[in-house]
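These notes are about the structure you will find just below.
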Amino acid sequence: KNPTKLLIERNPWEVNDVAIPHPTFFHPKTDDDISIWQNKIIVKPRRSLISFAGGARPGNHDTIRSTLIDQCRSSPDQCRFMNCTSGGCDKPESVIELFQDSEFCLQPPGDSPTRKSIFDSLVSGCIPVIFDPYSAYYQYTWHLPEDHQAYSVYINKEDLKGKKVNVIEKLMSKTLREREDMRSYIVHELLPGLVYGDSNAKFERFRDAFDITMDSLLHKISKTL
């Protein structure tokens, strides 16, 4: 027997592990809840080009976080840093406000490759900047499209370690049209399928993360019968 395991982070070498989105702060009850949220965040003014909510990992020499913090702090007009080490991220509302105010959200891996923060940023309309393909691309194949350039920016963490890339400069090179197109795709195409509806939710026009998970699971089972 080969049971399928639903996890928020899968082992890439386990063929029966399936990753599903981390629950976020938003649990809609109706189609209108989703539509109102979409309309709100698509027009939200984004005063910051880039934001990073996180902390350095001084004991981990493999981390890129210190480099990102240095690059962010050296460009205060473009990048806002929220220091989670000193308790700046203890209130989820503060992090969500930061994401809703930003065009791009830096999402380096932490103790493990995936981050709940990637889904918080997507639901906030903030384009995630991903440094490890195992953070999202090889994980959430039921909920995120294969074309990761449609909703995220990928910067190889090895290039960052080797000082071959400046993240701020790379993101500044993205045109307003590119940013608007990505945000529109995130908000209108992806967002409904990344959130988990309230326990009493009833959707008719949208399918939430739970619906997509169940449909995909049943499809997977039917192929084995």
- Name, by its number, the condition in (1) within 24 Å of HIS22 (Cα to Cα); (2) modelled with pLDDT under 95; (3) assigned to a helix (DSSP H, G or I) that does not hold for PHE99. (2)
- Would you say ASP198 is surrounded by fewer than 17 Cβ atoms within 10 Å (Cβ to Cβ) and either closer than 18 Å to LEU7 by Cα or within 15 Å of the chain's Cα centre (by Cα) (or both)? no
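Of the residues in segment 164-188, how many are assigned to a helix (DSSP H, G or I) and touching a helix residue (DSSP H, G or I) at 6+ places or on another chain (Cβ under 8 Å)? So that I can check it myself, show each step before the final result.
Pass one, segment 164-188, residues assigned to a helix (DSSP H, G or I): 167-172, 176-188.
Narrowing further to those that are touching a helix residue (DSSP H, G or I) at 6+ places or on another chain (Cβ under 8 Å): 167-168, 182-188.
The total comes to 9.
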- Residues being without any contact (Cβ under 8 Å) to a residue 12 or more places away in the chain and assigned to a helix (DSSP H, G or I) - total across segment 146-157: 1
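Within segment 176-197, which residues are of a type in the set (A, V, I, L, M, F, W, C) and under 17 Å from VAL43 (Cβ atoms)?
Selection gives LEU176, MET182, ILE186, VAL187, LEU191.
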- Task: Could you please tell me which pairs satisfy a Cβ distance under 9 Å, a separation of 6+ or placement on different chains, a first residue in segment 158-184 that is over 17 Å from ASP70 (Cα atoms), and a second residue that is outside any helix (DSSP H, G or I) and among the polar types (S, T, N, Q)?
- Result: MET182/SER152
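Within segment 29-56, track down each residue that is assigned to a loop (DSSP other than H, G, I, E, B) and more than 20 Å from ARG183 (Cα to Cα). So that I can check it myself, show each step before the final result.
Here is the first cut: in segment 29-56, the ones assigned to a loop (DSSP other than H, G, I, E, B) are 29, 43-47, 55-56.
Selection gives LYS29, GLY55, ALA56.
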- For segment 184-209 the number of residues that are more than 15 Å from SER152 (Cα to Cα) and in contact with a Phe, Trp or Tyr (Cβ under 7 Å, 6 or more places away or on another chain) is 6
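Please pick out the residue among TYR134, TYR138 that is among the aromatic types (Phe, Trp, Tyr), out of contact with any helix residue (DSSP H, G or I) (no Cβ under 9 Å at 6 or more places or on another chain) and part of a loop (DSSP other than H, G, I, E, B). Explain how you work it out, then say what you get.
On the way: TYR134 fails: part of a loop (DSSP other than H, G, I, E, B).
Of the residues listed, the single one that is among the aromatic types (Phe, Trp, Tyr), out of contact with any helix residue (DSSP H, G or I) (no Cβ under 9 Å at 6 or more places or on another chain) and part of a loop (DSSP other than H, G, I, E, B) is TYR138.
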- Message: Residue pairs, Cβ under 6 Å, 6 or more apart or interchain, first in segment 187-200 and over 17 Å from SER216 (Cα atoms), second modelled with pLDDT of 95 or more and outside any helix (DSSP H, G or I). List them.
- Response: VAL187/GLY125; GLY197/PRO28; GLY197/ASP208; ASP198/HIS27; ASP198/LYS29
- Message: Kindly evaluate ASP90 against the criterion of being more than 25 Å from LYS157 (Cα to Cα) and out of contact with any Phe, Trp or Tyr (no Cβ under 8 Å at 6 or more places or on another chain).
- Response: yes
- Task: Could you list all residues from segment 38-77 that are among the hydrophobic types (A, V, I, L, M, F, W, C) and either modelled with pLDDT under 95 or surrounded by 12 or more Cβ atoms within 10 Å (Cβ to Cβ) (or both)?
- Result: ILE41, ILE42, LEU49, ILE50, PHE52, ALA53, ALA56, ILE64, LEU68, ILE69, CYS72
- Message: Can you confirm whether PRO28 is touching a Gly at 6+ places or on another chain (Cβ under 6 Å) and within 28 Å of LYS220 (Cα to Cα)?
- Response: yes
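When segment 1-28 is examined, which residues are found to be of a type outside the set (Lys, Arg), in a loop (DSSP other than H, G, I, E, B) and free of Cβ contacts under 8 Å to residues at least 60 places away in the same chain? Quick ask: steps written out before the conclusion?
Kept after step one, since they are of a type outside the set (Lys, Arg), are these residues of segment 1-28: 2-4, 6-9, 11-28.
Those left that are additionally in a loop (DSSP other than H, G, I, E, B): 2-4, 8-9, 11-16, 20-28.
The answer is ASN2, PRO3, ASN11, TRP13, GLU14, VAL15, ASN16.
The values are calculated or read from the model by the stated rules, or taken from the named source; none is laboratory data. The structure presented is a predicted model; accordingly, all values stated were derived computationally and were not measured. Every residue, glycine as well, gets a Cβ built from its backbone with ideal geometry; the counts of neighbours run over all protein chains shown.
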